Amino acid sequence: MARWTPIERTLRAQHGPLLVGVDEVGRGPLAGPVVACAIVMPPGRRAIAGVDDSKKLDAVTRVRLAALFREQALAVSLGAASAREIDRINIYHATVLAMRRALARVPERLGGEPDHVLVDGKPLRTLGHVHTAVVKGDAKCYAIACASIVAKVTRDRWCAELDEQYPQYGFAG
């Protein structure tokens, strides 16, 4: 993605310039937390070259891009739901919980409320925020792709730490 997408340009015209991209990782694995990221990239800046769906990028590229996002973003916020929470409330509700936790921290980091929330996937009636959902949004929207990358890098680091503690389970692999 070399630029802000038409979806994002339209939403900015409708709601305002501060879009929060939200995505999660960790729904498919058999173990570990589900991690969500909410990110607000500066609307007046050019999109960072090389941004794409985190699953399409190698680990080195994801780490490099995540560092750039943290430098340039107006707000970056993470939320997670533990394996225990996933077992208790199911993966869908744990995903929404992780996203709600990430979104709850955005106003504090942004210094005010964002204009609109952009979420990867289908609409989430229990998210607690008015939002636009985009199926395969991490491949279609710059802000969601940025969130996808930061969430993936964060979860990968957590899994690497778990792997050091419990190497017999292969968390890092």
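The values are calculated or read from the model by the stated rules, or taken from the named source; none is laboratory data. In this text, all values refer to a predicted model and were calculated from it rather than measured experimentally. Glycine also receives a Cβ, built like all others from the backbone with ideal geometry; neighbour counts cover every protein chain displayed. Side chains included, ligands, DNA and RNA excluded: accessible areas come from the protein's heavy atoms. Shrake-Rupley method; radii C 1.70, N 1.55, O 1.52, S 1.80 Å.
Under the convention that each Lys and Arg Cβ holds +1 and each Asp and Glu Cβ holds -1, the size of the dipole of the chain around its Cα centre is about 400 debye. Per residue, the accessible area of region 1-133 comes to 52 Å², computed with a 1.4 Å probe over protein heavy atoms only. Annotation note: trypsin sites (Lys or Arg not before Pro) in region 42-137 located in DSSP loop regions with a Cβ neighbour count of at most 16 within 10 Å are Arg45, Arg46, Arg105, Arg125, Lys136. Grouping the Cα pair distances of region 25-72 into 5 Å bins from zero gives a pair-distance distribution of 4, 16, 23, 26, 18, 8, 4, 1, 0 percent in increasing distance order.
In the chain, helical runs assigned H by DSSP with n ≥ 4 each contribute -39500 (n - 2.57); averaged across all residues and rounded to the nearest 500, the mean residue ellipticity at 222 nm is -13500 deg cm²/dmol.
Which percent of the accessible area of the chain is formed by carbon and sulfur heavy atoms (probe 1.4 angstrom)?
Values: 4680 of 8890 Å².
So the carbon and sulfur contribution to the accessible surface is 53 percent.
Size estimate for the chain follows the Kirkwood approach: the inverse of mean 1/r over distinct Cα pairs works out to 16.0 Å.
Residue separation of Lys136 and Ser82 scaled by 0.36 nm, minus their Cα-Cα distance, works out to 17.0 nm of gained length.
Using the Cα centre as the reference, give the magnitude of the dipole from point charges on the C-beta atoms of region 12-110 (Lys, Arg: +1; Asp, Glu: -1; all else neutral), rounded to the nearest 20 debye. Write out the running numbers ahead of the final one.
On the way: 15 positive and 9 negative charges, 34 e Å.
Approximately 160 debye in magnitude.
Full extension of the chain between Tyr166 and Asp115 gives 14.1 nm of extra length, using 0.36 nm per residue less the Cα-Cα distance. Spin-label pair Trp158-Arg46: with each label point 7 Å from Cα along the Cα-Cβ axis, the two points sit 3.5 nm from one another.
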